1. Could you say which residue among B:Leu14, B:Leu63 is free of Cβ contacts under 8 Å to residues at least 40 places away in the same chain, open to solvent by 20 Å² or more (accessible area, probe 1.4 Å) and of a type outside the set (Phe, Trp, Tyr)?
2. Among (1) within 11 Å of chain A (Cβ to nearest Cβ); (2) over 16 Å from B:Met137 (Cβ atoms), there is one condition B:Asp62 misses while meeting the rest; what is its number?
3. I'd like the full set of residues that are more than 14 Å from chain B (Cβ to nearest Cβ) and either touching a Ser or Thr at 6+ places or on another chain (Cβ under 6 Å) or free of Cβ contacts under 8 Å to residues at least 24 places away in the same chain (or both), limited to region A:402-421.
4. Suppose we keep only residues that are aliphatic (A, V, I, L, M) and open to solvent by 10 Å² or more (accessible area, probe 1.4 Å) within region B:116-146. Which one would you say is nearest to B:Asp157 (Cα to Cα)?
5. Please verify whether B:Leu14 is more than 25 Å from B:Gly214 (Cβ to Cβ) and at pLDDT below 90, treating the condition exactly as stated.
6. For region A:422-432: of the residues being under 14 Å from B:Phe97 (Cα atoms) and open to solvent by 10 Å² or more (accessible area, probe 1.4 Å), which is nearest to the other protein chains (Cβ to nearest Cβ)?
7. Across region A:304-338, which residue is modelled with the lowest pLDDT among those that are in contact with a His (Cβ under 9 Å, 6 or more places away or on another chain) and not hydroxyl-bearing (Ser, Thr, Tyr)?
8. Looking at region A:406-417 only, could you name the residues that are modelled with pLDDT of 85 or more and open to solvent by 10 Å² or more (accessible area, probe 1.4 Å)?
Amino acid sequence: MAQRKWYPIPGVKLRILWNTLKNFKKRWFLNIGLGLFLANIVFGGTFVFFHYVVFGTLYQFQYQEFGPLLANRLIYLSFVAFFYMLLFSNIVSVLATVYFSKETSFLMALPFSHEAIFWGKFVESLLYSSWALVAVSMPMLFSYGMRQGMSGDASPWWFYPLVPVCFMIFASIPALLGACLTLLFTSFLPARRARVLLMGLLCLFALAMWPMASRLVRTVRQISPGSGDAGMEEFQALLESLRMNPSSLAPHLWMGRAMQALVDPKQWGEFLFWFGLLLTTSLLLLQLMRHLVPKLYYRGWAMCGLGGRRRRNSEWSPWDMLEPSVLRPFHSSTRALVIKDIKIFWRDPGQWVQLVVLFGLLVIYVANLRSMPVGVDSPFWQNVLSFFNLAASCFVASTMTTRFAYPMLSLEGRQCWVIGLAPIRSTHLVWQKFWLSWSVCAIAVGTIIYISSETIQLRPGMKVLCYSTALLMTLGLSSLAVGIGALLPDFKQDNPASIANNMGGTLTVIVSMAYVGITTLSEAVAVDQYMVKGLLGAGWFLGFCVVLLLFNLAVIVIPMGLALRKWRRIDFV
Amino acid sequence: MIKTAGLTKYYDQLVALSDLNLDIPWGQLYGFLGPNGAGKTTTIKLLCGLLRPTRGTILVGDLEVSKHPIEAKQQIGYIPDSPYLYEKLTAWEFLHFVGKLYGMSKAQINTEAKIWLERLGIIEWKNRLVEDFSHGMRQRVVFASAFLHAPRVLIVDEPMVGLDPQSVRIVKDLFRDMTRKGGTVFVSTHTLSLAEELCDRIGIISNGALVLEGTVEELRQRTDIQGDLEEIFLKLTKEEGAVHPPVFS
């Protein structure tokens, strides 16, 4: 008789987690302590960022009543972004976990009902795809509650326990919607083709949103240079650009309204209304999925192995053209490894779709610069803008290196025997990943800095400073990502997103962001004191440059040095 | 030629292999037998240079693997028990990737890849992604990749898993060809009939130590069993203990 209960499936994962914790043995204190420390840094860092930087700045606005208004609009926009990010990540995750996973094939052979397998794996996929966003949004919303409370009446105590409940219900809507879409698409298309089609549609949708986002950022920019002198008309224009249609059926609007009502103890009734909308929509989608799963899931899963197979017409792919051209100066084994990495990356849409999203953010950022007042003459603004560009580019680069460069060595995983057996040094692989990561990173950051510095007409001296700092930081970021990835490899995992989300990935993103923050901020302050305000002597400035250079060299050399030392003696078990 | 002296491997405190001494000359097909967890795969990974020995030396050809890993690996072809390949590469691309790692030219790879894919019966599938392949087809791709650079020493872990009878015949012929041409083949297997049929000499390992070595006839004489290899193997490994508790140093 078929097992109809779904919870034994995620239950096994809990048992695996428990066994992993038990296996820490003597090092349990260190591992769990480090995990808690990192969690605190992520949670605390996000809270401090929103509380003091984002909301702190908004509430310093010249007109005091604008602070809460802008904060509300910012929260709405965040929920729009969260909604689409969750929709994206849930579609990718449901396909990988519920359809393509080898564990699903194994479970299908056991006396589980198809519905039980779907729900068991869906819960796993939901937790996996949503936990990071939930963890990041909680400190943001708590900070919002505290700031809004400070601006008027205190936020009621129930704001804090109800925020996670509301957010989880809100997050369940794109997750269920993504799963329903996946169920429908895979019922008439093989899963691999359905994935490409769904990703393509979502990319088109993201591109369609670009003009709207660009217009919004342009409006914000137009009032910014005046710092504290924004007039009422400009402010009205800003609010207009941020306006959301209250009659919209979008769940992110309901969530925003629910949060807005929740901070005010007098609007309890209104909160219940918006909360009710979220809850009933979530339940409606859940009910829809309960009807779809028995009819469509097995049909879609059974087609997984069909149709998606595509016979390639030629022995050669366009990427092979890189070998006799761009990669010509390199050793044959390096060329082979680079081309292999690029092909594997290109043929996995789950990977490059996320890259499209990241590049989308970059495009919006660069497009936004076009609306800057060209030729900002004030040295103060030149300094602020150039270092802001540098920091923004490198923060995006740090996200890229954590997401793509950090998992590269782990992804060799079970195929490590191929490279371990080859007549090349094991450290060759670490160097190859480092230089590949640096090349991509340097091209991306260099392009952004070139466009942005030309757009705002930076002085040549500042350009040289920005390029040289960017060069150092791209080397540092690649060293951190590849180095930590080599020191903490996870050869058993073949999902890059999952590798990037593990403890090593979290450590990489925290250290990378701290590195970018320390370098750009200290350099901006030193340049301001020396070049702009003239408060620092040339000798002191030179001394500072030497210290900064040594700091950067340490970040470049230490992680790679430790990684190479480990890989010289690595066992390919 | 494979030669080991005092080869020992610890995983933390667990002794996976203890004081292994082998001497396999050129032109010999050596069968390596043992129950699960006896240390066969550890031995193979040590011979290939995928693991570093805790103690002892390994010579492949005239080269010591730990001192000259690159030159030694150039002579080795390895076929693992589980054919983990890059799923998003085609068979043709995988062979090109492996060939380039061994420093072969494009023309050389083209010629050799075609020969081996044809011989192993998967030339029709060369432009398909490996993710579409069955276990047996993946195993055939691994065989092609192992023979691509014309190794002098072939190390094989469970060669027949997932192969159909036709492929089994091809593989047997490949092993015989290789030893006839003077190469050395080291095969670890649970298929005792295969070992009995093909191997010039057989070593039986249990609990990380070599318990008996010789031709099938020599094994019969030393154990005083006139039956087939299966009977010898079962008796020896039963005496050594069917269940193998881990040995700690």
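1. B:Leu63
2. The single condition B:Asp62 does not satisfy is (1).
3. Residues satisfying the conditions are A:Thr402, A:Ala405, A:Tyr406.
4. Applying the filter and picking the extreme gives B:Met137.
5. yes
6. A:Pro423
7. If we take residues in region A:304-338 being in contact with a His (Cβ under 9 Å, 6 or more places away or on another chain) and not hydroxyl-bearing (Ser, Thr, Tyr), then A:Glu315 is modelled with the lowest pLDDT.
8. Within region A:406-417, A:Met408, A:Leu411 qualify.
The values are calculated or read from the model by the stated rules, or taken from the named source; none is laboratory data. Fair warning: this is a prediction, and the values are worked out from it, not measured in the lab. Virtual Cβ from ideal backbone geometry, glycine too; neighbours counted across all protein chains shown. All accessible areas refer to the heavy atoms of the entire protein, side chains included, with ligands and DNA or RNA removed. Shrake-Rupley method; radii C 1.70, N 1.55, O 1.52, S 1.80 Å.
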